[in-house]
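These notes are about the structure you will find just below.
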Amino acid sequence: MIDTSKPLVELSHVRQSYSIGSEKERAVLDDVNLTIREREIVGLLGRSGSGKSTILRIVSGLAKASGGDVRFMGEPVTGPVDGVAMVFQSFALFPWLTVMENVELGLRAKKVSEAAARPRALKAIDLIGLDGFESAYPKELSGGMRQRVGFARALVVNPQLLLMDEPFSALDVLTAETLRTDLLDLWVEGRMPIKSILLVTHGIEEAVLMCDRIVVLQSNPGRIAAEMHVKMPHPRNRLDPEFRQLVDHIYGIMTKREDVARREGLFPGLGLGMTLPRISTNTLAGMLEEVAAPPYNGKADMPALADSLQMEIDDLFPVAETLQLLRFAEMAEGDIRLTPAGKRFVEADIDVRKKLFGDHLLAYVPLAQRIRRVLDERPTHTAPATRFRAELEDYMSEDYAETTLRSVTNWGRYGEAFAYDESSQSFSLENPQ
Amino acid sequence: MDERRIASPALGARALPNQWDLIALALGFGFFVLIVEGARGMGAPLGAPVTTDLSLQYSSLPYYALRTTLRMFAAILFSLLFTFTYATLAAKSRRAEQVLIPLLDVLQSVPVLGFLSFTVTFFLGLFPGSTLGAECAAIFAIFTSQAWNMAFSFYQSLRTVPRDLDEVANGFQLSAWQKFWQLETPFAMPGLIWNTMMSMSGGWFFVVASEAISVGDTTIKLPGVGSYLAMAIEQKRVDCVIAAVVAMALVILAYDQIIFRPIVAFSQKFRVEMTGSQTETKSFVLDLFQRTRWLRALTSVPADLFDRFAMWRFQPPKMLAVKRIPVPGQVVDWLWYALVFAAALYSLKLVVTFVGATLGWSDVWQVAGYSLITMVRVLALIIIASLIWTPISVWIGLRPRVAEKVQPLAQFLAAFPANVLFPVAVIGILKFHLNPDIWLSLLIIFGTQWYIVFNVIGGASAFPNDLKEVASNFGVKGWQWWRNVILPGVFPYYVTGAMTASGGSWNASIVAEYVKWGDDTVSAHGVGAYIAKATADGDYPRIVLGVCVMAIFVIAFNRLLWRPLFGYAERKLRLS
């Protein structure tokens, strides 16, 4: 399709990185090219760590890209831009201002007189369905109403582009659906003063429901993995076969087996430098059991699994990938399949499970191997945690190092590969008797 | 972060870099010596003693109480000014932060009453022959007891403004000025107000101590409750002491009800957490005000003006936009470090020459010995007070009905200037021929023990109900209940209270170790008495030496005892 409408935002070869340790850098975004035109809703879909929120902040001018070119309506972006307004996941309302004052904030900052600001704010409040709440404080409102204030505050400054950073993910399912529908109605009827919307989400269904174009990001570093147009007319039906097919297709893209030789498993970093998510062993065992049981019988379709477990991809993928790292399961083409070891794990009793888990941990997780080897080599069979943390911080930020070490500590405790004493912050080989 | 805690840089989450501490120490002490030198340079041999005629008639007490209160207000105003500038600078500039925050820690540890004598000399020199100098000195003394924790609380708030709110402000392109008033100051409000209130509590003690002061041959008496009390002591009038106590109590009560409660109740709207808070402060004054119509209409004018002021957009004229010369950041850093280091060295030299002119190492060891005695005294009394008050406070805290009544009383007692009651102790000691080294010690903790009481009551009230139920369900009783259930539960609160009490006790030792009743003087061995005696003699080098050594002890005490305890409590024992 040849799109003749004017580009609103153009990102070309955008890079973003931050420094870790003394001289190393870790890339968050790598060579991102993205154009947003008028009259479209573009969805940025990816998991945590894919840099989707970073893209949003670069477009709005809140963050500066380390490299590449960012333009808004043809002008290079150097700081916060007029004509762009953002809606936040956490609502980000000022608790000491009333609904009305929150909505007026952006206008007042630009020296719009109170006489001119008031009718505009009232109009926005009216549009978004907040009538009667003008003098309420945010803490008196429910989550859905708070996010409506967030929308009204963004719309009142008449932005060209509305940025939305996971605007529905802090809301319960029903409230989120109502808000989505209301927003889409306003959009379709053209009652909002905006030209385009850029939506960041980790919900595949949400993206397919709302967007005209979906950009799928891959993680670590964030890159554009795929881009697709959604041509179904609004309102869209989640049960429509075309809808389901598209959802399956996106799952397929997001679980595509990557170049295993280049990266061990799906986690970023090599060997010791692999950053690992914080996943409980109970969750891992639960997932294995769910996939082993009927109706899946050892092989499950990821969208179906996400649906039956009520998990978003942000929760589901790290679990599946940890199982893949430990060689208890494999992912491909939007499916997850148990390995023979995974099946044995499900059938075993608690002691055998722990043994099996410990063996796989030491065989496939380099950090666990490293801790065990150091403990074996030392005559005292103890080692302080700081030592490993310092080693990890050569590869990743402090926060990631902390999370990774904690995960491996807990996995090691479960598999009885080594013990950890919290008060002395040291690893050892003895378990308390 | 719990805003209901006295903010202290000594409790910074990470240990502050040591070289900066030393630099701050040198700078802080150098500053005091400069004040003394400055005062001398002005050639202010204090002429006629600055005294107004004071009378001991009860009828003049209301007027004196008013003067005392006004002094408090003036001091708090300066403290706020200081807070808004100093803390903002520290929060916005990395280079300033490196010096200002350790300096704040040192300033907080310097015994305020110790350098009262310097400041009196300095201000009297500034306004020779006028009571204005003495007023300024008193106000400055109160200021130095209030400003530090307020500034630190504000600094901490500025550093922890929620990121999303910050992004909203930047996204709407609020100017730095607008952001300061729309986001940063409101966000800092609850913590700042709580710390202001605590500072005020502490301030009464200093206002009483600073209104009547003698340095060498100079005696200054400003009209106020403190001077009234000092005169009552000189003339051995017990009835007047009681009258002063009553007046003080009434002032503090009125102050709390009319000024602070409404402000605290009002500040609740600035809390960021979105769930309704469980402890709503009620204020009948605020309720009353919110029901009035005319009064509200009247206040809408200044409110509106403030609004404009806060939204004022300062556009620097283009001409002022000087083209910046590109200097590598590191070069500026090195220049800055060199400057700070040089200033610290100079300050150190100043202190050493000033003290070294008349005093030698033997004096230093003597003062260190005295400080050790005072330290033992503070520590022992904190332990005794803890042993007595912790069980009682836990008992109270677990009974909401009792706690509701006792809690305001404990807060009131913490605010009450205990030094008003010191003469009573002297009468007792003289009458029964008691050992002052032991019995004067009690005064040190007298005013400050209440911090332990109301913090522990607060902790016990907040103890989760399910844990209480678990304990009774499994029949956990007796010592095991104390050791495993309640003591770990209230420990974080206890540490906060005990640390505040300890800080106050060091300061109190200057008044408590050296007490007068008429012509009788009772004195204990300790650094507090050393400083008090030196002040009475107008012996400046000894005062400087005493204050410096004491400050070093306080800092060490905080670093080696309270900070590790506090860190432990926060890491392991904080519930929720």
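The values are calculated or read from the model by the stated rules, or taken from the named source; none is laboratory data. Bear in mind that the values here come from a model prediction, so they are computed numbers and not experimental data. No Cβ is skipped: glycine too gets one built from the backbone with ideal geometry, and neighbour counts run over all protein chains shown.
To keep it simple, each residue is scored yes or no on (1) aliphatic (A, V, I, L, M); (2) more than 21 Å from A:E321 (Cβ to Cβ); (3) in the same structural domain as A:L284 (by TED's automatic domain parsing).
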| site | (1), (2), (3) |
| --- | --- |
| A:K354 | no, yes, yes |
| A:Y364 | no, no, yes |
| A:Q369 | no, no, yes |
| A:T380 | no, yes, yes |
| A:R387 | no, yes, yes |
| A:A417 | yes, no, yes |
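Output yes when any residue across the stretch A:122-132 is touching a helix residue (DSSP H, G or I) at 6+ places or on another chain (Cβ under 6 Å), assigned to a helix (DSSP H, G or I) and not charged (D, E, K, R), and no when none is.
Taking every residue of the stretch A:122-132 in turn, at least one turns out to be touching a helix residue (DSSP H, G or I) at 6+ places or on another chain (Cβ under 6 Å), assigned to a helix (DSSP H, G or I) and not charged (D, E, K, R).
Could you list, ordered by first residue, the pairs with Cβ atoms under 9 Å in which the first is in the stretch A:366-377 and part of a helix (DSSP H, G or I) and the second is acidic (D, E) and surrounded by fewer than 20 Cβ atoms within 10 Å (Cβ to Cβ), at least 6 apart or interchain?
Between residues of the stretch A:366-377 that are part of a helix (DSSP H, G or I) and residues that are acidic (D, E) and surrounded by fewer than 20 Cβ atoms within 10 Å (Cβ to Cβ), the close pairs are A:P366/A:E264; A:L367/A:E391; A:R370/A:E391.
Looking at B:L192, B:L183, B:L174, which is the one that is in contact with a Leu (Cβ under 9 Å, 6 or more places away or on another chain), among the aliphatic types (A, V, I, L, M), under 23 Å from B:A87 (Cα atoms) and not in a helix (DSSP H, G or I)?
From the options B:L192, B:L183, B:L174, the qualifying one is B:L174.
Kindly evaluate B:E513 against the criterion of being charged (D, E, K, R) and touching a strand residue (DSSP E or B) at 6+ places or on another chain (Cβ under 8 Å).
yes
Here are A:L8, A:L34, A:L45, A:L29: which of them is among the aliphatic types (A, V, I, L, M) and either more than 21 Å from the chain's Cα centre (by Cα) or within 14 Å of another protein chain (Cβ to nearest Cβ) (or both)?
A:L8
Can you work out which of the residues in the stretch A:108-117 that are among the hydrophobic types (A, V, I, L, M, F, W, C) and more than 9 Å from chain B (Cβ to nearest Cβ) is nearest to A:L93 (Cα to Cα)?
A:A117
What's the number of the only condition in (1) surrounded by 15 or more Cβ atoms within 10 Å (Cβ to Cβ); (2) within 29 Å of B:F260 (Cβ to Cβ) that B:L409 fails to meet?
All conditions are met except number (1).
Can you run down the residue pairs with Cβ atoms below 9 Å, 6 or more apart or on separate chains, where the first is in the stretch A:232-253 and without any contact (Cβ under 8 Å) to a residue 24 or more places away in the chain and surrounded by 13 or more Cβ atoms within 10 Å (Cβ to Cβ) and the partner is of a type in the set (V, I, T) and in a helix (DSSP H, G or I)?
Hits for this filter: A:M232/A:V208.
I need every pair where a residue in the stretch B:159-186 that is more than 11 Å from chain A (Cβ to nearest Cβ) has its Cβ under 8 Å from the Cβ of a residue that is of a type in the set (S, T, Y) and in a loop (DSSP other than H, G, I, E, B), sequence separation at least 6 or different chains.
Every condition considered, no pair remains.
Considering only residues that are within 14 Å of chain B (Cβ to nearest Cβ) and in contact with a Lys or Arg (Cβ under 7 Å, 6 or more places away or on another chain), look in the stretch A:118-159 and name the one that is surrounded by the fewest Cβ atoms within 10 Å (Cβ to Cβ).
Restricting to residues being within 14 Å of chain B (Cβ to nearest Cβ) and in contact with a Lys or Arg (Cβ under 7 Å, 6 or more places away or on another chain), the top hit is A:Y137.
Are any of the residues in the stretch B:489-511 farther than 28 Å from B:F416 by Cβ, modelled with pLDDT of 85 or more and either assigned by TED's automatic domain parsing to the domain that holds B:L430 or assigned to a loop (DSSP other than H, G, I, E, B) (or both)?
Yes - at least one qualifying residue is present in the stretch B:489-511.
Checking B:W204 against (1) of a type outside the set (A, V, I, L, M); (2) crowded, with 24+ Cβ neighbours inside 10 Å; (3) within 14 Å of chain A (Cβ to nearest Cβ), which test does it fail?
The one condition B:W204 does not meet is (3).
Residue check, A:V84 against (1) aliphatic (A, V, I, L, M); (2) facing chain B (nearest Cβ under 9 Å); (3) more than 26 Å from the chain's Cα centre (by Cα), all met but one. Which one?
(3)
Out of the helices (runs of 4 or more DSSP H) lying entirely within the stretch B:374-473, which hold 1 or more residues that are in contact with a strand residue (DSSP E or B) (Cβ under 6 Å, 6 or more places away or on another chain), touching a residue at least 24 places away in the same chain (Cβ under 8 Å) and closer than 26 Å to B:A232 by Cβ?
Per the criteria, B:422-432, B:436-439.
Every residue, every condition in (1) hydrophobic (A, V, I, L, M, F, W, C); (2) modelled with pLDDT of 70 or more; (3) farther than 30 Å from B:P417 by Cβ; (4) in contact with a Leu (Cβ under 9 Å, 6 or more places away or on another chain), yes or no:
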{"position": "B:L250", "(1), (2), (3), (4)": "yes, yes, no, no"}
{"position": "B:A254", "(1), (2), (3), (4)": "yes, yes, no, no"}
{"position": "B:I259", "(1), (2), (3), (4)": "yes, yes, no, no"}
{"position": "B:I263", "(1), (2), (3), (4)": "yes, yes, no, yes"}
{"position": "B:S267", "(1), (2), (3), (4)": "no, yes, no, yes"}
{"position": "B:E273", "(1), (2), (3), (4)": "no, no, yes, no"}
{"position": "B:G276", "(1), (2), (3), (4)": "no, no, yes, no"}
{"position": "B:S283", "(1), (2), (3), (4)": "no, no, no, no"}
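Going by what's in this entry, would B:A385 be described as at pLDDT below 90 and not acidic (D, E)?
no
Can you spot a residue in the stretch A:171-178 that is in a helix (DSSP H, G or I), farther than 21 Å from A:R47 by Cα, within 14 Å of chain B (Cβ to nearest Cβ) and more than 18 Å from the chain's Cα centre (by Cα)?
Among the residues of the stretch A:171-178, not one is in a helix (DSSP H, G or I), farther than 21 Å from A:R47 by Cα, within 14 Å of chain B (Cβ to nearest Cβ) and more than 18 Å from the chain's Cα centre (by Cα), which makes the answer no.
Just give me the residues in the stretch A:73-107 being free of Cβ contacts under 8 Å to residues at least 40 places away in the same chain, touching a strand residue (DSSP E or B) at 6+ places or on another chain (Cβ under 7 Å) and either basic (K, R) or under 15 Å from A:V157 (Cβ atoms) (or both), in sequence order.
Residue satisfying the conditions is A:V81 alone.
Taking the criterion of being in a helix (DSSP H, G or I), small (G, A, S), exposed (fewer than 13 other Cβ atoms within 10 Å of the Cβ) and more than 29 Å from the chain's Cα centre (by Cα), would at least one residue in the stretch B:343-358 satisfy it?
Taking every residue of the stretch B:343-358 in turn, none turns out to be in a helix (DSSP H, G or I), small (G, A, S), exposed (fewer than 13 other Cβ atoms within 10 Å of the Cβ) and more than 29 Å from the chain's Cα centre (by Cα).
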